[in-house]
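S.K.: After the C-alpha coordinates below, expect a handful of questions from me.
The values are calculated or read from the model by the stated rules, or taken from the named source; none is laboratory data. Given the structure is predicted, the values throughout are model-derived calculations rather than measurements. Here the Cβ is made from the backbone with ideal geometry for all residues, glycine too, and neighbour counts use every protein chain on show. For the accessible areas, the whole protein counts, side chains as well, though only heavy atoms, and no ligand, DNA or RNA atoms are used. Shrake-Rupley method; radii C 1.70, N 1.55, O 1.52, S 1.80 Å.
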Amino acid sequence: MKPDLFQSPDYYLLDDLLSEEHKLVRDAARAWVKKEVSPIIEDYAQRAEFPKQIVKGLGEIGGFGPYIPVEYGGAGLDQISYGLIMQEIERGDSGVRSTSSVQSSLVMYPIWKYGNEEQRMKYLPKLATGEFIGCFGLTEPDHGSNPGGMTSNFKDMGDHYLLNGAKMWISNAPFADIAVVWAKNEEGRIHGLIVERGMEGFTTPETHNKWSLRASATGELIFDNVKVPKENLLPNKSGLGAPLGCLDSARYGIAWGAIGAAMDCYDTALRYSKERIQFDKPIGATQLQQKKLAEMITEITKAQLLTWRLGVLRNEGRATTAQISMAKRNNVDMALTIARDARQMLGGMGITGEYSIMRHMMNLESVVTYEGTHDIHLLITGMDVTGFPAFK
(Lines give C-alpha, C1' and ligand atoms only; values in the text may rest on other atoms or scores of the structure.)
Protein backbone atom coordinates (compact mmCIF):
# COMPACT_ATOMS: atom_id res chain seq x y z
CA MET A 1 0.00 0.00 0.00
CA LYS A 2 1.67 3.18 -1.25
CA PRO A 3 1.54 6.34 0.87
CA ASP A 4 -0.49 9.24 -0.50
CA LEU A 5 2.17 11.87 -1.28
CA PHE A 6 -0.18 14.25 -3.13
CA GLN A 7 0.77 17.93 -3.21
CA SER A 8 -1.83 20.30 -4.62
CA PRO A 9 -0.68 22.53 -7.48
CA ASP A 10 -1.47 26.25 -7.08
CA TYR A 11 0.46 27.91 -9.88
CA TYR A 12 -1.46 31.20 -9.77
CA LEU A 13 -1.64 31.40 -5.95
CA LEU A 14 -5.39 30.89 -5.91
CA ASP A 15 -5.26 30.23 -2.18
CA ASP A 16 -5.05 34.01 -1.85
CA LEU A 17 -8.62 34.18 -3.21
CA LEU A 18 -9.95 31.77 -0.56
CA SER A 19 -11.14 32.63 2.92
CA GLU A 20 -9.67 30.96 5.99
CA GLU A 21 -12.87 28.93 6.27
CA HIS A 22 -12.50 27.75 2.67
CA LYS A 23 -8.97 26.55 3.34
CA LEU A 24 -9.92 24.83 6.61
CA VAL A 25 -12.78 22.99 4.90
CA ARG A 26 -10.58 21.95 1.98
CA ASP A 27 -7.67 20.85 4.13
CA ALA A 28 -9.93 18.76 6.36
CA ALA A 29 -11.37 17.00 3.30
CA ARG A 30 -7.88 16.51 1.85
CA ALA A 31 -6.55 14.97 5.06
CA TRP A 32 -9.55 12.64 5.28
CA VAL A 33 -9.10 11.47 1.67
CA LYS A 34 -5.41 10.77 2.30
CA LYS A 35 -6.21 8.72 5.40
CA GLU A 36 -9.48 6.97 4.52
CA VAL A 37 -9.78 6.80 0.72
CA SER A 38 -6.34 6.62 -0.91
CA PRO A 39 -5.12 3.53 1.01
CA ILE A 40 -8.15 1.40 0.04
CA ILE A 41 -9.57 2.74 -3.20
CA GLU A 42 -7.48 0.74 -5.68
CA ASP A 43 -8.53 -2.50 -4.01
CA TYR A 44 -12.22 -1.55 -4.01
CA ALA A 45 -12.05 -0.44 -7.65
CA GLN A 46 -10.45 -3.74 -8.63
CA ARG A 47 -13.23 -5.59 -6.79
CA ALA A 48 -15.95 -3.29 -8.22
CA GLU A 49 -17.26 -2.56 -4.73
CA PHE A 50 -18.25 0.64 -2.98
CA PRO A 51 -16.49 1.10 0.40
CA LYS A 52 -19.57 1.63 2.56
CA GLN A 53 -17.47 2.16 5.69
CA ILE A 54 -16.49 5.65 4.45
CA VAL A 55 -20.07 6.97 4.45
CA LYS A 56 -19.94 8.24 8.03
CA GLY A 57 -16.66 10.04 7.32
CA LEU A 58 -18.12 11.67 4.23
CA GLY A 59 -20.82 13.12 6.43
CA GLU A 60 -18.30 14.35 8.99
CA ILE A 61 -16.22 16.31 6.43
CA GLY A 62 -19.31 17.96 4.93
CA GLY A 63 -19.53 15.66 1.95
CA PHE A 64 -23.32 15.52 2.19
CA GLY A 65 -25.13 18.82 1.57
CA PRO A 66 -22.52 21.21 2.97
CA TYR A 67 -24.55 24.23 1.80
CA ILE A 68 -27.77 22.96 3.43
CA PRO A 69 -28.72 25.24 6.37
CA VAL A 70 -27.66 24.16 9.85
CA GLU A 71 -31.27 23.78 11.03
CA TYR A 72 -31.67 20.87 8.61
CA GLY A 73 -28.41 19.17 9.57
CA GLY A 74 -26.17 20.78 6.95
CA ALA A 75 -23.02 22.79 7.57
CA GLY A 76 -24.39 26.05 6.16
CA LEU A 77 -21.29 26.56 4.00
CA ASP A 78 -21.05 28.56 0.79
CA GLN A 79 -20.75 27.30 -2.77
CA ILE A 80 -16.96 27.59 -2.95
CA SER A 81 -16.64 25.39 0.13
CA TYR A 82 -18.92 22.85 -1.53
CA GLY A 83 -16.77 22.92 -4.65
CA LEU A 84 -13.53 22.48 -2.72
CA ILE A 85 -14.94 19.45 -0.89
CA MET A 86 -15.94 17.90 -4.23
CA GLN A 87 -12.46 18.64 -5.60
CA GLU A 88 -10.76 16.83 -2.75
CA ILE A 89 -13.11 13.84 -2.78
CA GLU A 90 -12.71 13.35 -6.54
CA ARG A 91 -8.95 13.65 -6.15
CA GLY A 92 -9.45 10.42 -4.26
CA ASP A 93 -11.96 8.86 -6.65
CA SER A 94 -14.73 10.00 -8.99
CA GLY A 95 -17.02 7.23 -7.76
CA VAL A 96 -16.78 8.39 -4.16
CA ARG A 97 -17.45 11.95 -5.30
CA SER A 98 -20.47 10.66 -7.26
CA THR A 99 -21.97 9.26 -4.06
CA SER A 100 -21.30 12.56 -2.33
CA SER A 101 -22.64 14.87 -5.03
CA VAL A 102 -25.72 12.76 -5.74
CA GLN A 103 -26.59 12.87 -2.05
CA SER A 104 -25.91 16.62 -1.89
CA SER A 105 -27.22 18.05 -5.13
CA LEU A 106 -29.72 15.51 -6.41
CA VAL A 107 -31.35 14.31 -3.18
CA MET A 108 -30.86 16.89 -0.43
CA TYR A 109 -31.06 19.90 -2.75
CA PRO A 110 -34.54 19.11 -4.17
CA ILE A 111 -35.93 18.21 -0.74
CA TRP A 112 -34.56 21.51 0.61
CA LYS A 113 -35.67 23.65 -2.34
CA TYR A 114 -38.83 21.90 -3.53
CA GLY A 115 -40.02 20.08 -0.41
CA ASN A 116 -42.11 21.27 2.52
CA GLU A 117 -40.96 21.76 6.09
CA GLU A 118 -42.14 18.32 7.21
CA GLN A 119 -40.14 16.63 4.41
CA ARG A 120 -37.05 18.71 5.19
CA MET A 121 -37.09 17.82 8.87
CA LYS A 122 -37.83 14.15 8.19
CA TYR A 123 -35.09 13.47 5.65
CA LEU A 124 -32.35 16.13 5.56
CA PRO A 125 -30.70 15.60 8.98
CA LYS A 126 -30.34 11.85 8.36
CA LEU A 127 -29.05 12.43 4.83
CA ALA A 128 -26.50 14.95 6.14
CA THR A 129 -24.90 12.40 8.46
CA GLY A 130 -25.10 9.50 6.02
CA GLU A 131 -27.59 7.62 8.19
CA PHE A 132 -29.76 7.73 5.06
CA ILE A 133 -28.31 7.39 1.56
CA GLY A 134 -30.32 8.70 -1.36
CA CYS A 135 -30.40 8.44 -5.14
CA PHE A 136 -31.92 10.45 -7.99
CA GLY A 137 -34.17 8.89 -10.60
CA LEU A 138 -34.31 10.85 -13.85
CA THR A 139 -32.52 8.92 -16.65
CA GLU A 140 -34.53 6.14 -18.27
CA PRO A 141 -33.56 3.26 -20.57
CA ASP A 142 -34.87 5.16 -23.61
CA HIS A 143 -34.47 8.76 -22.40
CA GLY A 144 -31.02 10.08 -21.50
CA SER A 145 -30.26 13.44 -23.09
CA ASN A 146 -34.01 13.98 -23.57
CA PRO A 147 -35.37 13.61 -20.03
CA GLY A 148 -38.62 15.33 -20.99
CA GLY A 149 -39.52 12.22 -22.98
CA MET A 150 -39.71 10.10 -19.81
CA THR A 151 -42.45 7.48 -19.58
CA SER A 152 -42.36 6.89 -15.80
CA ASN A 153 -45.75 8.00 -14.50
CA PHE A 154 -48.00 8.12 -11.47
CA LYS A 155 -51.78 8.17 -11.05
CA ASP A 156 -53.88 9.69 -8.29
CA MET A 157 -55.64 6.83 -6.54
CA GLY A 158 -57.41 9.00 -3.96
CA ASP A 159 -55.41 8.32 -0.80
CA HIS A 160 -52.07 7.59 -2.55
CA TYR A 161 -50.25 7.74 -5.88
CA LEU A 162 -49.54 4.66 -7.99
CA LEU A 163 -46.07 4.86 -9.57
CA ASN A 164 -44.89 2.83 -12.58
CA GLY A 165 -41.75 2.97 -14.71
CA ALA A 166 -38.01 2.40 -14.66
CA LYS A 167 -34.83 4.43 -14.28
CA MET A 168 -31.27 3.36 -15.07
CA TRP A 169 -27.63 4.40 -14.52
CA ILE A 170 -28.55 5.47 -10.99
CA SER A 171 -25.63 6.07 -8.60
CA ASN A 172 -26.24 4.73 -5.06
CA ALA A 173 -29.35 2.84 -6.20
CA PRO A 174 -28.40 -0.64 -4.88
CA PHE A 175 -28.21 0.50 -1.25
CA ALA A 176 -30.14 3.80 -1.21
CA ASP A 177 -32.70 4.29 1.54
CA ILE A 178 -34.70 6.81 -0.47
CA ALA A 179 -34.98 7.86 -4.10
CA VAL A 180 -36.07 11.24 -5.43
CA VAL A 181 -37.92 10.10 -8.54
CA TRP A 182 -39.16 12.24 -11.41
CA ALA A 183 -42.31 11.04 -13.15
CA LYS A 184 -45.29 12.43 -15.07
CA ASN A 185 -48.76 12.80 -13.63
CA GLU A 186 -51.91 12.07 -15.61
CA GLU A 187 -51.69 15.48 -17.29
CA GLY A 188 -48.09 14.82 -18.37
CA ARG A 189 -46.56 17.25 -15.84
CA ILE A 190 -43.26 16.19 -14.26
CA HIS A 191 -43.17 16.01 -10.46
CA GLY A 192 -40.72 14.75 -7.86
CA LEU A 193 -41.67 11.92 -5.51
CA ILE A 194 -39.77 10.55 -2.52
CA VAL A 195 -39.80 6.77 -2.77
CA GLU A 196 -38.57 4.78 0.23
CA ARG A 197 -36.88 1.40 0.25
CA GLY A 198 -39.32 -1.24 1.38
CA MET A 199 -42.29 0.13 -0.54
CA GLU A 200 -43.93 -2.83 -2.27
CA GLY A 201 -43.07 -3.07 -5.98
CA PHE A 202 -39.89 -0.94 -5.66
CA THR A 203 -36.66 -2.78 -6.57
CA THR A 204 -33.09 -1.63 -7.25
CA PRO A 205 -31.10 -4.22 -9.25
CA GLU A 206 -27.36 -3.48 -9.43
CA THR A 207 -25.54 -2.79 -12.71
CA HIS A 208 -22.49 -5.01 -13.15
CA ASN A 209 -19.58 -5.30 -15.62
CA LYS A 210 -18.63 -1.61 -15.56
CA TRP A 211 -15.14 -0.56 -16.64
CA SER A 212 -15.71 2.88 -15.11
CA LEU A 213 -16.72 4.13 -11.63
CA ARG A 214 -15.98 0.64 -10.36
CA ALA A 215 -15.85 1.78 -6.73
CA SER A 216 -19.34 3.31 -7.07
CA ALA A 217 -22.58 1.35 -6.80
CA THR A 218 -24.79 1.84 -9.87
CA GLY A 219 -28.20 0.33 -10.48
CA GLU A 220 -31.73 0.62 -11.77
CA LEU A 221 -34.93 1.77 -10.13
CA ILE A 222 -37.95 -0.36 -10.99
CA PHE A 223 -41.47 0.76 -10.04
CA ASP A 224 -44.22 -1.83 -10.40
CA ASN A 225 -47.45 -0.36 -9.06
CA VAL A 226 -45.65 1.28 -6.14
CA LYS A 227 -48.02 2.96 -3.68
CA VAL A 228 -46.46 6.31 -2.77
CA PRO A 229 -48.06 8.34 0.06
CA LYS A 230 -49.35 11.71 -1.10
CA GLU A 231 -47.21 13.47 1.49
CA ASN A 232 -44.13 12.22 -0.42
CA LEU A 233 -44.79 14.51 -3.41
CA LEU A 234 -42.39 17.49 -3.54
CA PRO A 235 -44.92 20.35 -3.60
CA ASN A 236 -42.98 23.51 -4.37
CA LYS A 237 -41.80 23.01 -7.97
CA SER A 238 -42.85 20.91 -10.95
CA GLY A 239 -42.03 20.65 -14.64
CA LEU A 240 -38.72 19.73 -16.25
CA GLY A 241 -37.10 22.80 -14.69
CA ALA A 242 -37.27 21.13 -11.28
CA PRO A 243 -34.86 18.23 -11.97
CA LEU A 244 -32.76 20.48 -14.21
CA GLY A 245 -32.28 22.85 -11.27
CA CYS A 246 -30.84 19.94 -9.30
CA LEU A 247 -28.53 19.15 -12.21
CA ASP A 248 -27.19 22.72 -12.13
CA SER A 249 -25.98 22.10 -8.58
CA ALA A 250 -24.57 18.68 -9.44
CA ARG A 251 -22.77 19.90 -12.57
CA TYR A 252 -21.24 22.72 -10.56
CA GLY A 253 -19.84 20.14 -8.13
CA ILE A 254 -18.51 18.06 -11.02
CA ALA A 255 -16.68 21.09 -12.46
CA TRP A 256 -14.72 21.28 -9.20
CA GLY A 257 -14.39 17.53 -8.81
CA ALA A 258 -12.81 17.03 -12.23
CA ILE A 259 -10.03 19.43 -11.20
CA GLY A 260 -9.25 17.09 -8.32
CA ALA A 261 -8.85 14.11 -10.65
CA ALA A 262 -6.66 16.19 -12.98
CA MET A 263 -4.48 17.43 -10.12
CA ASP A 264 -3.90 13.88 -8.91
CA CYS A 265 -2.83 12.73 -12.40
CA TYR A 266 -0.55 15.75 -12.81
CA ASP A 267 1.02 15.33 -9.39
CA THR A 268 1.65 11.63 -10.04
CA ALA A 269 3.20 12.32 -13.44
CA LEU A 270 5.36 15.17 -12.09
CA ARG A 271 6.74 13.04 -9.27
CA TYR A 272 7.37 10.10 -11.61
CA SER A 273 9.16 12.35 -14.12
CA LYS A 274 11.69 13.32 -11.46
CA GLU A 275 12.33 9.73 -10.33
CA ARG A 276 12.29 7.73 -13.58
CA ILE A 277 15.76 7.59 -15.16
CA GLN A 278 16.20 6.89 -18.87
CA PHE A 279 19.31 7.54 -20.96
CA ASP A 280 21.13 8.53 -17.76
CA LYS A 281 18.79 11.34 -16.73
CA PRO A 282 15.28 11.84 -15.28
CA ILE A 283 12.61 11.84 -17.98
CA GLY A 284 11.45 15.17 -16.51
CA ALA A 285 14.64 16.70 -17.96
CA THR A 286 13.50 15.96 -21.53
CA GLN A 287 11.63 18.40 -23.72
CA LEU A 288 8.65 16.19 -24.56
CA GLN A 289 7.88 15.38 -20.92
CA GLN A 290 8.25 19.04 -19.89
CA LYS A 291 5.84 19.98 -22.69
CA LYS A 292 3.23 17.61 -21.28
CA LEU A 293 3.70 18.86 -17.72
CA ALA A 294 3.60 22.51 -18.78
CA GLU A 295 0.36 21.97 -20.69
CA MET A 296 -1.15 20.09 -17.75
CA ILE A 297 -0.47 22.78 -15.17
CA THR A 298 -1.67 25.48 -17.58
CA GLU A 299 -5.00 23.74 -18.15
CA ILE A 300 -5.46 23.00 -14.44
CA THR A 301 -4.80 26.66 -13.63
CA LYS A 302 -7.31 27.85 -16.23
CA ALA A 303 -9.92 25.45 -14.84
CA GLN A 304 -9.24 26.62 -11.28
CA LEU A 305 -9.81 30.25 -12.26
CA LEU A 306 -12.94 29.40 -14.27
CA THR A 307 -14.45 27.43 -11.42
CA TRP A 308 -13.52 29.88 -8.67
CA ARG A 309 -15.29 32.66 -10.60
CA LEU A 310 -18.29 30.40 -11.09
CA GLY A 311 -18.35 29.79 -7.34
CA VAL A 312 -18.44 33.53 -6.69
CA LEU A 313 -21.35 33.87 -9.12
CA ARG A 314 -23.14 30.96 -7.43
CA ASN A 315 -22.71 32.62 -4.05
CA GLU A 316 -24.21 35.80 -5.48
CA GLY A 317 -27.10 33.93 -7.12
CA ARG A 318 -25.98 35.08 -10.55
CA ALA A 319 -24.56 31.91 -12.16
CA THR A 320 -26.54 30.77 -15.19
CA THR A 321 -27.23 27.22 -16.29
CA ALA A 322 -25.13 27.86 -19.40
CA GLN A 323 -22.16 29.08 -17.36
CA ILE A 324 -22.33 25.94 -15.19
CA SER A 325 -22.59 23.84 -18.34
CA MET A 326 -19.45 25.41 -19.81
CA ALA A 327 -17.43 24.70 -16.66
CA LYS A 328 -18.60 21.09 -16.42
CA ARG A 329 -17.74 20.37 -20.05
CA ASN A 330 -14.41 22.20 -20.06
CA ASN A 331 -13.10 20.79 -16.80
CA VAL A 332 -14.01 17.17 -17.44
CA ASP A 333 -12.52 17.32 -20.94
CA MET A 334 -9.40 18.92 -19.43
CA ALA A 335 -9.12 16.17 -16.82
CA LEU A 336 -9.49 13.42 -19.42
CA THR A 337 -6.74 14.92 -21.56
CA ILE A 338 -4.41 15.22 -18.57
CA ALA A 339 -5.16 11.64 -17.48
CA ARG A 340 -4.27 10.35 -20.94
CA ASP A 341 -1.05 12.37 -21.16
CA ALA A 342 -0.06 11.37 -17.62
CA ARG A 343 -0.67 7.71 -18.45
CA GLN A 344 1.72 8.00 -21.41
CA MET A 345 4.38 9.58 -19.22
CA LEU A 346 4.32 6.57 -16.92
CA GLY A 347 4.62 4.14 -19.80
CA GLY A 348 3.60 0.61 -18.90
CA MET A 349 3.38 1.47 -15.20
CA GLY A 350 0.57 3.87 -16.06
CA ILE A 351 -1.89 1.04 -16.67
CA THR A 352 -1.30 -0.64 -13.31
CA GLY A 353 -3.16 -0.19 -10.04
CA GLU A 354 0.09 0.88 -8.41
CA TYR A 355 -0.75 4.37 -9.66
CA SER A 356 -4.12 6.14 -9.74
CA ILE A 357 -4.00 7.43 -13.31
CA MET A 358 -5.73 4.62 -15.20
CA ARG A 359 -8.50 4.48 -12.60
CA HIS A 360 -9.06 8.22 -12.98
CA MET A 361 -9.06 7.89 -16.75
CA MET A 362 -11.70 5.15 -16.70
CA ASN A 363 -13.80 7.05 -14.16
CA LEU A 364 -13.73 10.24 -16.19
CA GLU A 365 -15.20 8.38 -19.17
CA SER A 366 -18.39 8.23 -17.10
CA VAL A 367 -18.09 11.77 -15.77
CA VAL A 368 -17.82 13.15 -19.32
CA THR A 369 -21.15 11.45 -20.10
CA TYR A 370 -23.34 11.78 -17.02
CA GLU A 371 -25.12 14.96 -15.93
CA GLY A 372 -25.17 15.98 -19.60
CA THR A 373 -22.77 14.66 -22.21
CA HIS A 374 -19.81 16.62 -23.58
CA ASP A 375 -21.67 17.26 -26.85
CA ILE A 376 -24.95 18.29 -25.21
CA HIS A 377 -23.08 20.85 -23.09
CA LEU A 378 -21.52 22.24 -26.27
CA LEU A 379 -25.05 22.68 -27.66
CA ILE A 380 -26.17 24.41 -24.44
CA THR A 381 -23.35 26.92 -24.87
CA GLY A 382 -24.14 27.22 -28.58
CA MET A 383 -27.79 27.95 -27.87
CA ASP A 384 -26.83 30.49 -25.20
CA VAL A 385 -24.58 32.51 -27.52
CA THR A 386 -26.73 32.29 -30.69
CA GLY A 387 -30.26 32.02 -29.33
CA PHE A 388 -30.97 29.01 -31.55
CA PRO A 389 -31.61 25.56 -29.99
CA ALA A 390 -29.94 22.85 -32.08
CA PHE A 391 -30.71 19.73 -30.06
CA LYS A 392 -32.69 18.02 -32.81
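S.K.: Would you mention how many residues in segment 272-298 are in contact with a helix residue (DSSP H, G or I) (Cβ under 7 Å, 6 or more places away or on another chain) and open to solvent by less than 90 Å² (accessible area, probe 1.4 Å)?
M.R.: Qualifying residue count for the region: 10.
S.K.: What are the residues in segment 74-122 that are among the charged types (D, E, K, R) and part of a helix (DSSP H, G or I), if any?
M.R.: Once the filter is applied, which keeps residues that are among the charged types (D, E, K, R) and part of a helix (DSSP H, G or I), segment 74-122 yields E88, E90, R91, R97, K113, E117, E118, R120, K122.
S.K.: Would you mention how many residues in segment 171-226 are outside any loop (DSSP other than H, G, I, E, B) and touching a residue at least 24 places away in the same chain (Cβ under 8 Å)? So that I can check it myself, show each step before the final result.
M.R.: Restricting attention to segment 171-226, the residues satisfying the condition of being outside any loop (DSSP other than H, G, I, E, B) are 171, 173-175, 178-184, 190-196, 202-203, 206, 218-226.
Remaining after also requiring touching a residue at least 24 places away in the same chain (Cβ under 8 Å): 171, 173-175, 178-184, 190-196, 202, 206, 218-226.
Of the residues in segment 171-226, 29 are outside any loop (DSSP other than H, G, I, E, B) and touching a residue at least 24 places away in the same chain (Cβ under 8 Å).
S.K.: Something else now. For the condition of a type in the set (S, T, Y), closer than 26 Å to S366 by Cα, at pLDDT 95 or above and out of contact with any Ser or Thr (no Cβ under 7 Å at 6 or more places or on another chain), what is the one hit in T151, T207, T218?
M.R.: Numbers: T207 fails: out of contact with any Ser or Thr (no Cβ under 7 Å at 6 or more places or on another chain); T218 fails: out of contact with any Ser or Thr (no Cβ under 7 Å at 6 or more places or on another chain).
Residue meeting the stated conditions: T151.
S.K.: Take the residues in segment 309-346 that are surrounded by fewer than 20 Cβ atoms within 10 Å (Cβ to Cβ) and touching a residue at least 60 places away in the same chain (Cβ under 8 Å), then tell me which one is nearest to A269 (Cα to Cα).
M.R.: Going through the qualifying residues, I end up with V312.
S.K.: Say whether the condition of being assigned to a loop (DSSP other than H, G, I, E, B) and over 23 Å from R343 (Cβ atoms) is met by at least one residue in segment 240-262.
M.R.: Start the filter on segment 240-262 by keeping residues that are assigned to a loop (DSSP other than H, G, I, E, B), which leaves 240.
From what is left, the residues that are over 23 Å from R343 (Cβ atoms) are 240.
Scanning segment 240-262, I find at least one residue that is assigned to a loop (DSSP other than H, G, I, E, B) and over 23 Å from R343 (Cβ atoms), so the answer is yes.
S.K.: Among the residues of segment 38-61, which ones are in contact with a Phe, Trp or Tyr (Cβ under 8 Å, 6 or more places away or on another chain), part of a loop (DSSP other than H, G, I, E, B) and either on the phi > 0 side of the Ramachandran plot or open to solvent by 20 Å² or more (accessible area, probe 1.4 Å) (or both)?
M.R.: Result: I61, single match.
S.K.: Right, something else. Counting just the residues of segment 140-160 that are in contact (Cβ under 8 Å) with a residue 60 or more places away in the chain, part of a loop (DSSP other than H, G, I, E, B) and touching a helix residue (DSSP H, G or I) at 6+ places or on another chain (Cβ under 8 Å), which one comes out most open to solvent (accessible area, probe 1.4 Å)?
M.R.: Looking at residues that are in contact (Cβ under 8 Å) with a residue 60 or more places away in the chain, part of a loop (DSSP other than H, G, I, E, B) and touching a helix residue (DSSP H, G or I) at 6+ places or on another chain (Cβ under 8 Å), I get D159.
S.K.: Okay, moving on. Checking the conditions here, which among Y67, Y72 is of a type in the set (F, W, Y), over 12 Å from the mean Cα position of the chain (by Cα) and surrounded by fewer than 21 Cβ atoms within 10 Å (Cβ to Cβ)? Spell out how you get there, then give the answer.
M.R.: Details: Y67 fails: surrounded by fewer than 21 Cβ atoms within 10 Å (Cβ to Cβ).
Step by step, each of Y67, Y72 is checked, and only Y72 is of a type in the set (F, W, Y), over 12 Å from the mean Cα position of the chain (by Cα) and surrounded by fewer than 21 Cβ atoms within 10 Å (Cβ to Cβ).
S.K.: Sticking with this one: Of all residues in segment 1-37, how many are assigned to a helix (DSSP H, G or I) and either open to solvent by 80 Å² or more (accessible area, probe 1.4 Å) or in contact (Cβ under 8 Å) with a residue 12 or more places away in the chain (or both)? Explain how you work it out, then say what you get.
M.R.: Start the filter on segment 1-37 by keeping residues that are assigned to a helix (DSSP H, G or I), which leaves 14-17, 20-37.
Add one more test, that the residue is either open to solvent by 80 Å² or more (accessible area, probe 1.4 Å) or in contact (Cβ under 8 Å) with a residue 12 or more places away in the chain (or both), and what stays is 14, 16-17, 20-22, 24-26, 28-30, 32-37.
Of the residues in segment 1-37, 18 are assigned to a helix (DSSP H, G or I) and either open to solvent by 80 Å² or more (accessible area, probe 1.4 Å) or in contact (Cβ under 8 Å) with a residue 12 or more places away in the chain (or both).
S.K.: Listed residues L240, L221; which is surrounded by fewer than 24 Cβ atoms within 10 Å (Cβ to Cβ), under 23 Å from the mean Cα position of the chain (by Cα) and on the phi < 0 side of the Ramachandran plot?
M.R.: On the way: L221 fails: surrounded by fewer than 24 Cβ atoms within 10 Å (Cβ to Cβ).
Answer to the selection: L240.
S.K.: Which condition number in (1) among the polar types (S, T, N, Q); (2) open to solvent by 30 Å² or more (accessible area, probe 1.4 Å); (3) closer than 26 Å to V70 by Cα is the one that S105 fails?
M.R.: Failing condition for S105: (2).
S.K.: Output the residue which, of all residues in segment 357-375 that are within 18 Å of G253 (Cα to Cα), hydrophobic (A, V, I, L, M, F, W, C) and assigned to a helix (DSSP H, G or I), is farthest from the chain's Cα centre (by Cα). Show your work before the answer.
M.R.: Kept after step one, since they are within 18 Å of G253 (Cα to Cα), are these residues of segment 357-375: 360, 363-374.
Add one more test, that the residue is hydrophobic (A, V, I, L, M, F, W, C), and what stays is 364, 367-368.
Applying the additional criterion that residues be assigned to a helix (DSSP H, G or I) yields 364, 367.
Numbers: L364: 11, V367: 8 Å.
Per the stated criteria, the residue is L364.
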